[in-house]
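Asks: Have a look at this one.
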Amino acid sequence: MREKIVAGNWKMNLSENEAISLVQTISLNKVEGVTQIVFPPFIYLTTLLKLNSQVFIGAQNFYPKDKGAFTGEVSITQLKNIGVTHVLVGHSERRTLFSESNEFLKEKVDAALNAGIKVVFCCGEPLEIRQENTHESFVSKQLEESLFHLTSEQLKDIVIAYEPIWAIGTGLTASSEQAEAMHASIRKSLTNKYGAVSADAISILYGGSCNPTNAHELFSCNNVDGGLIGGASLKADEFHAISTAY
């Protein structure tokens, strides 16, 4: 059975006290059978890891070199050293705002896996690609160029998050039918490359404006194994409601 995951991407939000309170509340109300991960800003990672909560603490970003003259960056080895367990790679904001290419994301995937850190790999299409009805091939190319060099064994440490870019922060949400169709397409691509057994074991999360209202319908889809949550992950009650939506 695939791992059920609800992950919260906090982006550039919250104060330290708010971050501590949020993790403590989520941990206090831990939902059994669901892996809960939060991705806070860098400056809160050490503090939150010291809480020893039941919530996995991940990093939103890193630079794929061990060390060096990369002012303002944080290495994967530094994250590993403080106890980070998961990292985001390929989020649409990193792709669009910071021009991270599929090839660069491949480097980041390799660096994280070599450090023993699990990757939540984000993929998804902008509105114009959806309108052209080329979204399945677009996302398949993202997977091929950043992930398909991995072995089946390495793939076990990858979680995929499908995020329709047109539904992030816009209030728009893909219908459950649209989400299921895209998730099924992603799993088909994985099957074609790695076989059904490996593909069926990979959790694929939905990452486009998932909230307590639509989570149950989305999570009821056969190929949707959880969510990568944005705004709703900043409120403990909403994050909890989404985590219990299975």
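Asks: I'd like the full set of residues that are surrounded by 13 or more Cβ atoms within 10 Å (Cβ to Cβ) and small (G, A, S), limited to the range 1-33.
Replies: If the condition is that a residue be surrounded by 13 or more Cβ atoms within 10 Å (Cβ to Cβ) and small (G, A, S), then A7, G8, A19, S21, S27 are the ones that fit.
Asks: Next up: Looking at S15, is it at pLDDT 95 or above and over 20 Å from the mean Cα position of the chain (by Cα)?
Replies: On the way: at pLDDT 95 or above: yes; over 20 Å from the mean Cα position of the chain (by Cα): yes.
Judged against the criteria, S15 is a match.
Asks: Same structure again: Select from the range 37-86 the residues that are under 21 Å from G227 (Cβ atoms) and of a type in the set (F, W, Y) and write down the one among them that is surrounded by the fewest Cβ atoms within 10 Å (Cβ to Cβ).
Replies: Only one residue tops the list, namely F56.
Asks: Would you confirm whether any residue within the range 191-199 is of a type in the set (A, V, I, L, M, F, W, C), closer than 20 Å to K4 by Cα and either touching a residue at least 12 places away in the same chain (Cβ under 8 Å) or touching a Pro at 6+ places or on another chain (Cβ under 8 Å) (or both)?
Replies: Within the range 191-199, the first condition is being of a type in the set (A, V, I, L, M, F, W, C), and the residues that meet it are 196-197, 199.
Narrowing further to those that are closer than 20 Å to K4 by Cα: 196-197, 199.
Those left that are additionally either touching a residue at least 12 places away in the same chain (Cβ under 8 Å) or touching a Pro at 6+ places or on another chain (Cβ under 8 Å) (or both): 199.
Yes: one or more hits.
Asks: Looking only at residues in the range 96-153 that are touching a Pro at 6+ places or on another chain (Cβ under 8 Å) and acidic (D, E), which one is farthest from D225 (Cα to Cα)?
Replies: In this case the residue turns out to be E107.
Asks: Where in the range 130-246 are there strands (runs of 3 or more DSSP E), lying wholly inside it, with at least 1 residues that are of a type in the set (G, A, S) and surrounded by 15 or more Cβ atoms within 10 Å (Cβ to Cβ)? It would help to see each step written out before you state the result.
Replies: Values: elements: 158-162, 204-206, 226-229.
Because the criterion is at least 1 residues that are of a type in the set (G, A, S) and surrounded by 15 or more Cβ atoms within 10 Å (Cβ to Cβ), the strands (runs of 3 or more DSSP E) in the range 130-246 that meet it are 158-162, 226-229.
Asks: Please list, ordered by residue number, the helices (runs of 4 or more DSSP H) wholly in the range 9-104 having 2 or more residues that are in contact with a Phe, Trp or Tyr (Cβ under 9 Å, 6 or more places away or on another chain).
Replies: On the way: elements: 16-28, 45-49, 76-82, 92-97.
Answer list for the range 9-104: 16-28, 76-82.
Asks: Check off (1) within 22 Å of F239 (Cα to Cα); (2) touching a residue at least 12 places away in the same chain (Cβ under 8 Å) for N102 and give me the number that stays unchecked.
Replies: Every condition holds for N102 apart from (1).
Asks: May I ask you to verify whether E125 is surrounded by 21 or more Cβ atoms within 10 Å (Cβ to Cβ), modelled with pLDDT of 95 or more and outside any helix (DSSP H, G or I)?
Replies: Yes.
The values are calculated or read from the model by the stated rules, or taken from the named source; none is laboratory data. In this text, all values refer to a predicted model and were calculated from it rather than measured experimentally. FYI the Cβ positions are ideal-geometry reconstructions off the backbone, even for glycines, and counts take in every protein chain you see.
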